[in-house]
Amino acid sequence: MTMNFLNPVTTQTWTNGRHLVRCVKVIQETWDVRTFCFMAEQPVLFFFKPGQFVTLELEIDGESIMRSYTISSSPSVPYSFSITVKRIPGGKVSNWLHDNLSINDELAVHGPVGNFNAIDHPADKVLMLSGGVGITPLMSMARWFFDTNAMVNLEFVHSARTPGDIIYHRELEHIFSRIPEFKLHLVCERSDELGLPWAGFRGFLTPAMLALMVPDFLEREIFCCGPTPYMKAIKQLLRDNDFDMSRYHEESFGATPLDVREEVMELAEQAEHAADAIEAADKVLVEFRATGKSVRIPPGETVHSAAARLGLHIPKACGMGICGTCRVPLASGEVAMEHNGGITDEDVAEGYILSCCSTPKGNVVVDF
């Protein structure tokens, strides 16, 4: 790195949108988990809220695919950011990243976005609960607390399959050995097949185990991330102990559950039948200014759906207002936007909407 790279005149600040980045380092964390580190060709200060995520724009087998991943690094290391990816059997994107993404490869990312972060929910006493690769957003938060000398009393409970599956094991031991107010608790479902010794907690996290580790867990702000069954069990544990769930926060993006997908498909089919009976006068006009196309849609239909009717492809990943990929500028008119953290207040103030979860209140013009 030369001093020209750090010239403040040429340094930009990361903002939500599409950015080209280059892979500069690949770290093998465990046998099936890798961290990919990225930088911009021109220096960019990658500031984000610890816990937020980005969406990768990839082309796999000729198909354009968007996939969201939590940023595992901390914004206290400002000129780069990292994601940590677990290889999943049958996982199209995770396996492709492991097998194909190499140093010096370029790709586009969208973001950063997400309501699950340590900045928007400040607290003096924090409990982090993670399972498997769900450790990534919590590691970003822990690194941030450590690097900024935050006045936080932190209890970190991580569950893994075996000792060999503990992601960031050495770094966790280092961080939590340096600050008395930081305490680490590791739980392994079973021993390692390689015969590595393990004297810590075994099995699955139980109420008794949690109470032993963190006796005051009911008094803490809780951040949780892991497989869906893990988070479901944690929420049930907390509710059974009358925890104030307004102080519970979880990472929520990922694959849409099957029951939700089926419900959405059923509702879409019902809406299609109902739309046939709607008078033309009751429909709203959605105009896409950049392409000169427009369409009338029934009330309740999204801007993204209107674009699809015209054969216009607005990039989309989650379809639930989480990833922020489908962000477009609204030139005129009003929409009702029911998002899940995929857009910032600054973006909204500048006139952006998430097309996947925005329904026009009347005629609208979209700059797309």
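The values are calculated or read from the model by the stated rules, or taken from the named source; none is laboratory data. None of these values were measured; they are calculated from a predicted model. Cβ sites come from the backbone with ideal geometry, for glycine too, and all protein chains shown count toward neighbours. Keep in mind that these areas ignore ligands, DNA and RNA; they rest on the heavy atoms of the full protein, side chains included. Shrake-Rupley method; radii C 1.70, N 1.55, O 1.52, S 1.80 Å.
Looking at the range 306-321, which of its residues are in contact with a strand residue (DSSP E or B) (Cβ under 8 Å, 6 or more places away or on another chain) and surrounded by 15 or more Cβ atoms within 10 Å (Cβ to Cβ)? Ala306, Ala307, Leu312, Ile314, Pro315, Lys316, Ala317, Cys318, Gly321 - these are the residues of the range 306-321 that are in contact with a strand residue (DSSP E or B) (Cβ under 8 Å, 6 or more places away or on another chain) and surrounded by 15 or more Cβ atoms within 10 Å (Cβ to Cβ). For the range 322-359, the set of residues classified as assigned to a loop (DSSP other than H, G, I, E, B) and buried (at least 22 other Cβ atoms within 10 Å of the Cβ) consists of Ile322, Cys323, Gly324, Thr325, Cys326, Gly342, Ile343, listed by residue number.
For the range 115-150, a residue qualifies if it is farther than 26 Å from Phe36 by Cβ, in contact with an Asp or Glu (Cβ under 7 Å, 6 or more places away or on another chain) and either open to solvent by 10 Å² or more (accessible area, probe 1.4 Å) or among the basic types (Lys, Arg) (or both), and the qualifying residues are His121, Ala123, Lys125. Inside the range 119-147, residues that are more than 23 Å from Gln236 (Cα to Cα) and of a type outside the set (Asp, Glu) make up a count of 10. The lone criterion from (1) farther than 22 Å from Asp120 by Cβ; (2) assigned to a loop (DSSP other than H, G, I, E, B) left unmet by Arg18 is number (2). Taking the conditions (1) open to solvent by less than 50 Å² (accessible area, probe 1.4 Å); (2) assigned to a strand (DSSP E or B); (3) in contact with a Lys or Arg (Cβ under 9 Å, 6 or more places away or on another chain) in turn, Ile27 satisfies each one other than (1). Quick check, is Ser64 out of contact with any strand residue (DSSP E or B) (no Cβ under 7 Å at 6 or more places or on another chain), among the polar types (S, T, N, Q) and open to solvent by 60 Å² or more (accessible area, probe 1.4 Å)? Yes; evaluated as a whole, the condition is true for this residue. Taken over the range 99-138, the criterion of being more than 19 Å from the chain's Cα centre (by Cα) and assigned to a helix (DSSP H, G or I) is satisfied by Asp99, Asn100.
Could you look through the range 36-59, keep only residues that are within 13 Å of Leu97 (Cβ to Cβ) and in contact with a helix residue (DSSP H, G or I) (Cβ under 9 Å, 6 or more places away or on another chain), and pick out the one that is surrounded by the fewest Cβ atoms within 10 Å (Cβ to Cβ)? Of everything passing the filter in the range 36-59, Leu58 is surrounded by the fewest Cβ atoms within 10 Å (Cβ to Cβ). Working only within the range 201-237, note down all residues that are in contact with a His (Cβ under 8 Å, 6 or more places away or on another chain) and either part of a strand (DSSP E or B) or at positive phi (or both). Answer for the range 201-237, where residues must be in contact with a His (Cβ under 8 Å, 6 or more places away or on another chain) and either part of a strand (DSSP E or B) or at positive phi (or both): Phe201, Glu221, Ile222, Phe223, Cys224.
Yes/no matrix, rows are residues, columns are (1) modelled with pLDDT of 95 or more; (2) small (Gly, Ala, Ser); (3) within 20 Å of Ile27 (Cα to Cα):
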residue	(1), (2), (3)
Gly91	no, yes, yes
Trp96	yes, no, yes
Val109	no, no, yes
Thr136	yes, no, yes
Asn153	yes, no, no
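In the range 166-188, the qualifying residues are those that are open to solvent by less than 20 Å² (accessible area, probe 1.4 Å) and assigned to a helix (DSSP H, G or I), and the one that is nearest to Gln28 (Cα to Cα) is Leu172.
Scanning the range 60-95 for residues that are of a type outside the set (D, E, K, R) and in a strand (DSSP E or B) yields a total of 13.
Can you confirm whether Ala199 is of a type outside the set (Val, Ile, Thr), more than 22 Å from Val33 (Cα to Cα) and at pLDDT 95 or above? No: the conditions fail for Ala199.
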